[in-house]
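Below are the structure tokens for one structure; questions will follow.
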Amino acid sequence: MRLTLRIWRQPDAEAPGAMRTYEVEDISPDMSFLEMLDTLNEALILQGEEPVAFDHDCREGICGACGMVINGQAHGPERTTACQLHMRHFADGDTIDVEPWRAAAFPVVRDLMVDRSAFDRIIEAGGYVTAPTGSAPEAHATPVPKPDADTAFAHAECIGCGACVAACPNGSAMLFTSAKVNHLGSLPQGAPERDTRVLDMVDQMDAEGFGGCTLAGECATACPKGIPLPSISAMNREFLRASRRR
Amino acid sequence: MADMQAYESFTTGAPLTDTKAPDGPIAERWDRRRFEAKLVNPANRRKRTVIVVGTGLAGGSAGATLAEQGYRVIQFCYQDSPRRAHSVAAQGGINAAKNYRNDGDSVHRLFYDTVKGGDFRARESNVHRLAEISTQIIDQCVAQGVPFAREYGGLLDTRSFGGVQVSRTFYARGQTGQQLLLGAYQALSRQIAAGRVEMHPRTEMLDLIVIDGYARGIVARDLLSGRIDSYFADAVVLATGGYGNVFYLSTNAKNSNATAVWRAHRRGAHFANPCFTQIHPTCIPRSGDHQSKLTLMSESLRNDGRIWVPRQAGDDRPPGRIPEDERDYYLERQYPSFGNLVPRDIASRAAKHVCDEGRGVGPGGQGVYLDFADAIARMGRAAVEERYGNLFEMYARITAEDPYTRPMRIYPAIHYTMGGLWVDYDLQTTVPGLFAIGEANFSDHGANRLGASALMQGLADGYFVLPATLGDYLARHPHQDVDPDHPAVHETVLAVTDRLYQLLSNSGDRTPDSFHRELGELLWDQCGMSRTEAGLHKALARIPQLREEFWERIRVPGSGEALNQSLEKANRIADHLELAELMCLDALHRTESCGGHFREESRTEDGEAARDDEKFSYVAAWEFTGTGRPPVLHKEALDFAYVHPTQRSYT
């Protein structure tokens with residue numbers, strides 16, 4: 001395949017950026033999107049140009065490091081991460097736009113890389129169960145009904161990639177935050193801190209400059225792990241419940 | 001050529017003994033060690049600083065636990081968030097001797113299986129401790145809210161895993177590593193918020209600071225600004241994972257690397273059993289030269305999938321058109337009692353063997369079928385989907401083939417490294433004050449790791465072992481501040497900046513990846529699934545040339561004072577080019593076959609690996625003497641008082 005790529009280049013957080021056009025040839029349909037970018041980067045290095053910077057690591061769709069807006073869609077046309085998107089989903093001769101996540105709370109670091117440390121701070125605000133090492137009771141002491149365990153798992157699958165924020169017209173982090181609130185809130189182990197968790201995490205989310213949720217639903221459509229949209233309304237209920245008890 | 005021979009003419013130094021391992025009955029040793037370990041007064045702990053490098057299962061759990069105990073922790077990871085460490089990608093599960101199934105499991109059986117599975121090249125004391133702690137890990141993770149798979153009654157589900165006959169593997173669909181890592185990451189996050197862990201993401205350790213023989217800090221590069229800084233502490237813990245990426249194509253994350261352990265080795269930490277690498281039998285075969293990494297399919301698939309190839313070489317009919325009697329279910333045929341569940345090394349070699357016979361399937365004949373047709377007929381598609389749904393989806397996405405209707409194609413790939421920094425029972429390396437935990441050390445898996453044991457070891461080391469033993473070291477080595485102007489600090493910083501400058505200033509014509517690929521191919525061919533004397537000589541002749549070429553022809557664009565991913569890569573490859581040489585030398589010197597190390601010259605009559613306990617029942621710990629210079633071999637004799645070494649048999 002031969003492709004025209006229009007890629008956002010920005011030297012660092014302060015400098016202005018712009019779209020630049022590159023041509024790539026001999027792209028195999030079996031390549032992942034990142035392997036296609038590797039091919040471009042190898043050529044750029046040999047031309048003495050700096051390669052396109054992008055975050056990536058496991059390339060198996062689970063670490064959540066990679067993320068870019070491809071033709072206007074977070075992670076591109078398939079519901080998966082950029083590393084698991086294959087070039088067979090594009091046609092020979094296509095022009096593809098590649099941009100970083102765009103959100104006020106995710107400043108661009110360079111090219112396609114952004115700073116997602118706001119997500120870490122939301123977890124630090126309460127996305128855990130206080131269970132110091134060594135203090136745990138026998139694992140079977142508290143049975144967990146399978147439906148609750150399954151609900152917890154469905155929310156725990158979040159990989160923290162940030163596609164939800166990038167896809168949201170408001171740059172909201174509601175889906176990310178609600179996934180953790182519902183994961184821990186569905187389990188008996190998470191119950192003692194249920195109220196403080198949701199209140200503190202939502203406070204932190206607001207403090208980081210993420211936008212508000214207008215239930216546009218773009219987040220759940222873009223989510224490579226299928227975190228369901230009702231996760232957000234469930235968190236809203238948790239938040240109300242906790243606020244009333246405060 | 002002269003250089004190569006010089007490197008091969010290593011000398012043997014004084015034997016190494018593990019002075020920390022208590023004696024007495026094996027089941028009491030860990031209790032005794034913990035009792036004999038000195039404690040640090042809780043009020044004094046906040047005055048003691050510990051550096052932890054890495055935030056995977058081992059590093060994340062260690063950082064969180066040490067901070068909970070009151071120590072001041074400075075922690076590093078190269079990723080943008082501690083949640084992304086490559087433990088996140090482990091799929092299958094975590095072993096624990098809970099015996100919830102009442103199927104005959106026990107601490108002793110897990111101990112026995114691990115020593116045997118490791119082909120009698122691991123320490124009994126360490127493995128027993130691991131088996132004891134395994135049960136506490138499950139308790140700890142459940143308390144953190146790790147959503148393990150459960151039965152309808154609300155209790156935890158388990159499954160059986162490659163190489164064992166009991167059901168002791170706990171799992172969270174095919175994302176066990178992710179869920180365990182998030183548990184550790186959340187515990188760590190709580191400590192970061194409390195101000196007890198100072199977290200440095202996007203910061204890579206590039207060297208170890210050793211002062212008067214003690215590990216006292218690290219030199220690290222801020223990957224965004226390029227800034228080089230020194231960090232000081234009372235002890236340094238490396239939780240930086242394995243070195244599988246030396247092979248270029250592996251199931252490791254793209255940025256996983258050996259720099260931290262290799263730099264520590266150059267500063268005096270012995271490197272143990274570098275040739276013990278694990279090839280995982282169930283990976284998705286490569287699709288072409290563009291391949292940047294390989295993707296593993298959890299070997300839990302082998303519980304229900306049947307592995308086969310056509311009986312006839314060159315049979316290129318589609319799998320559905322090959323009748324039952326023209327298929328060779330070669331694992332079931334050769335190993336009737338374990339069948340498709342034989343340990344990883346055996347399954348991998350058997351796959352290579354049938355492909356070498358020309359019976360492989362898929363592009364280039366580098367694959368075998370893993371067929372679920374029988375499983376779907378037996379338990380229905382829905383049950384298969386419930387168990388393996390996400391793995392099937394992943395396979396379909398990568399290959400564009402539907403594994404529900406067409407058998408998967410799989411092929412072995414480098415997955416895990418049993419070798420690593422030598423550590424004693426306390427997980428301390430040969431540099432006092434430097435500890436290594438998780439995959440970064442060599443200790444518990446011998447020559448072959450059993451499935452679902454890596455997560456167990458990482459968390460055992462981080463949550464339970466290190467926090468107990470590190471306190472003993474700190475209590476015995478009173479606090480003294482490091483003088484930031486100490487000549488050793490300056491020397492280490494200079495060594496780092498010089499090397500980066502050398503990489504940046506070279507106006508060569510080859511990219512970092514081109515060297516990495518070439519090194520990887522060489523190692524895969526000569527030091528991969530099977531090894532020969534001639535092949536290893538060949539690799540040992542080529543590696544120094546390649547290293548020389550690297551420093552002459554490398555091209556790294558950009559500057560050191562900014563984010564520069566090419567520079568990061570090149571700097572890691574420079575270390576791979578040294579480590580690869582030691583791996584080949586270790587493989588050459590160990591003329592026996594054991595576990596993942598298969599020397600073609602050492603085989604039984606029926607072609608299986610032949611161990612040589614007489615000559616090789618030891619850990620090979622190598623001491624660094626200079627780049628390309630012959631290292632010194634120190635042997636730690638292995639003693640088996642509880643599990644008698646036998647030829648492994650899975651037939």
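The values are calculated or read from the model by the stated rules, or taken from the named source; none is laboratory data. Predicted model only: the values in this text are computed from it and were never measured. Here the Cβ positions follow ideal geometry from the backbone for every residue, glycine too, while neighbour counts run over all protein chains shown.
Residue-by-condition table, conditions (1) within 14 Å of another protein chain (Cβ to nearest Cβ); (2) free of Cβ contacts under 8 Å to residues at least 40 places away in the same chain; (3) within 24 Å of the chain's Cα centre (by Cα); (4) surrounded by 19 or more Cβ atoms within 10 Å (Cβ to Cβ):
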{"site": "B:ASP509", "(1), (2), (3), (4)": "yes, no, no, no"}
{"site": "B:PHE515", "(1), (2), (3), (4)": "yes, no, yes, yes"}
{"site": "B:TRP524", "(1), (2), (3), (4)": "no, no, yes, no"}
{"site": "B:GLY528", "(1), (2), (3), (4)": "no, no, yes, yes"}
{"site": "B:LYS538", "(1), (2), (3), (4)": "no, yes, no, no"}
{"site": "B:ILE543", "(1), (2), (3), (4)": "no, no, yes, yes"}
{"site": "B:ARG553", "(1), (2), (3), (4)": "yes, no, no, no"}
{"site": "B:ASN571", "(1), (2), (3), (4)": "no, no, yes, yes"}
{"site": "B:ALA574", "(1), (2), (3), (4)": "no, no, yes, yes"}
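Scan segment B:240-250 and give yes if some residue there is surrounded by 24 or more Cβ atoms within 10 Å (Cβ to Cβ), of a type in the set (Phe, Trp, Tyr), out of contact with any Gly (no Cβ under 6 Å at 6 or more places or on another chain) and part of a strand (DSSP E or B), otherwise no.
Looking for residues that are surrounded by 24 or more Cβ atoms within 10 Å (Cβ to Cβ), of a type in the set (Phe, Trp, Tyr), out of contact with any Gly (no Cβ under 6 Å at 6 or more places or on another chain) and part of a strand (DSSP E or B), one finds none in segment B:240-250, hence no.
Tell me which of these B:VAL164 doesn't satisfy, since it passes every other one: (1) away from every other protein chain (no Cβ under 13 Å); (2) hydrophobic (A, V, I, L, M, F, W, C); (3) farther than 16 Å from B:SER298 by Cβ; (4) within 23 Å of the chain's Cα centre (by Cα).
For B:VAL164, the failing item is (3).
Could you tell me which residue of segment A:106-131 is surrounded by the most Cβ atoms within 10 Å (Cβ to Cβ), considering only residues that are more than 7 Å from chain B (Cβ to nearest Cβ), of a type in the set (Val, Ile, Thr) and over 15 Å from B:ARG83 (Cα atoms)?
A:VAL114
Look at B:LEU181 and say whether it is in contact (Cβ under 8 Å) with a residue 40 or more places away in the chain and farther than 30 Å from B:LEU331 by Cβ.
Answer is yes for this residue.
So, one more: So which residues in segment A:30-78 are in a loop (DSSP other than H, G, I, E, B), small (Gly, Ala, Ser) and more than 24 Å from B:HIS415 (Cβ to Cβ)?
A:GLY48, A:ALA53, A:GLY67, A:GLY72, A:GLY76
A further question on this structure: With respect to B:ALA269, determine if the residue is under 24 Å from B:LEU16 (Cα atoms) and assigned to a helix (DSSP H, G or I).
So B:ALA269 fails the test.
Sticking with this structure for a sec: Give me the helices (runs of 4 or more DSSP H) completely within segment B:26-95, filtered to those with at least 1 residues that are more than 30 Å from B:SER106 (Cβ to Cβ), ordered by residue number.
Of the helices (runs of 4 or more DSSP H) lying wholly inside segment B:26-95, those with at least 1 residues that are more than 30 Å from B:SER106 (Cβ to Cβ) span B:42-45, B:57-69.
Spot the failing condition for B:THR282; the list is (1) surrounded by 24 or more Cβ atoms within 10 Å (Cβ to Cβ); (2) at pLDDT 95 or above; (3) among the polar types (S, T, N, Q), and only one is missed.
(2)
Output the number of residues of segment B:373-419 satisfying the condition of being within 12 Å of chain A (Cβ to nearest Cβ), of a type in the set (Gly, Ala, Ser) and buried (at least 18 other Cβ atoms within 10 Å of the Cβ).
Number of matching residues: 0.
Could I ask something else about it? Among what's in segment B:114-147 and is modelled with pLDDT under 95 and assigned to a helix (DSSP H, G or I), pick the residue that is farthest from B:PHE276 (Cα to Cα).
B:LYS116
B:ASP139 fails exactly one of the following numbered conditions: (1) over 20 Å from B:ASP444 (Cα atoms); (2) touching a residue at least 12 places away in the same chain (Cβ under 8 Å); (3) not basic (Lys, Arg). What is the number of that condition?
(2)
Continuing with the same structure: Which condition number in (1) touching a residue at least 12 places away in the same chain (Cβ under 8 Å); (2) at the interface with chain B (Cβ under 10 Å from one of its Cβ atoms); (3) part of a loop (DSSP other than H, G, I, E, B); (4) under 16 Å from the mean Cα position of the chain (by Cα) is the one that A:ALA13 fails?
Status for A:ALA13: all satisfied but (4).
Any residue in segment A:132-147 that is more than 7 Å from chain B (Cβ to nearest Cβ), crowded, with 22+ Cβ neighbours inside 10 Å and over 27 Å from A:ASN71 (Cβ atoms)?
No, segment A:132-147 contains no residue that is more than 7 Å from chain B (Cβ to nearest Cβ), crowded, with 22+ Cβ neighbours inside 10 Å and over 27 Å from A:ASN71 (Cβ atoms).
Mind listing whichever residues of segment B:499-522 are of a type in the set (A, V, I, L, M, F, W, C) and either assigned by TED's automatic domain parsing to the domain that holds B:HIS290 or touching a strand residue (DSSP E or B) at 6+ places or on another chain (Cβ under 9 Å) (or both)?
Across segment B:499-522, the qualifying residues are B:LEU500, B:LEU503, B:PHE515.
A:ALA152: facing chain B (nearest Cβ under 7 Å) and crowded, with 20+ Cβ neighbours inside 10 Å, yes or no?
yes
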